């Protein structure tokens, strides 16, 4: 009899503890800062990158919900990257000349292919609204290397990209996408 009461008491204690721990560890209780901050150029801990935040809701298929949020996050990075490359190429083409304008156009065209370095690094689900958020990141170093390795660019353009990539990123840090 005492053994049964002890066993029952232990089960109640364990169940209560598991319930308390399960509720306390909910990843949905605190919204991550990146959800509020949104998409844009970011610099943290010496790491410069472009972040895209995508979101999706109202889709019952969880796989499709995740894919949709991920694709929207990548689209945000693509939009930021286009602005970045336009700003970078404007600085180069400002000196004028048809050749410089052609190079600026080549950079812009090639930037659309640089998304292969973009990765989804985090997800967060808002249990109150059913919205899933995805965070996509693309390092500035990857962008710089990809653009500098664009075929058809001479050493002057490559040097310009390497020299000014950080400055243009810093100029974009204060802006927010959309």
**Q.** Residue check, residue 74 in contact with a strand residue (DSSP E or B) (Cβ under 9 Å, 6 or more places away or on another chain), modelled with pLDDT of 90 or more and in a helix (DSSP H, G or I)
**A.** yes
Q: Select from region 128-143 the residues that are modelled with pLDDT of 90 or more and more than 11 Å from the chain's Cα centre (by Cα) and write down the one among them that is surrounded by the most Cβ atoms within 10 Å (Cβ to Cβ).
A: 132
Q. Residues 8, 81: which one is at pLDDT 70 or above and either surrounded by 11 or more Cβ atoms within 10 Å (Cβ to Cβ) or part of a helix (DSSP H, G or I) (or both)?
A. 81
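Residue-wise test of (1) surrounded by 13 or more Cβ atoms within 10 Å (Cβ to Cβ); (2) outside the structural domain of residue 54 (by TED's automatic domain parsing); (3) at pLDDT 70 or above; (4) under 16 Å from the mean Cα position of the chain (by Cα).
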position	(1), (2), (3), (4)
110	yes, no, no, no
148	yes, no, yes, no
161	yes, no, yes, no
167	no, no, yes, no
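The values are calculated or read from the model by the stated rules, or taken from the named source; none is laboratory data. Every value quoted in this text rests on a predicted model; they were computed, and no experiment measured them. Every residue, glycine among them, receives a Cβ derived from its backbone with ideal geometry; neighbour counts consider all protein chains shown.
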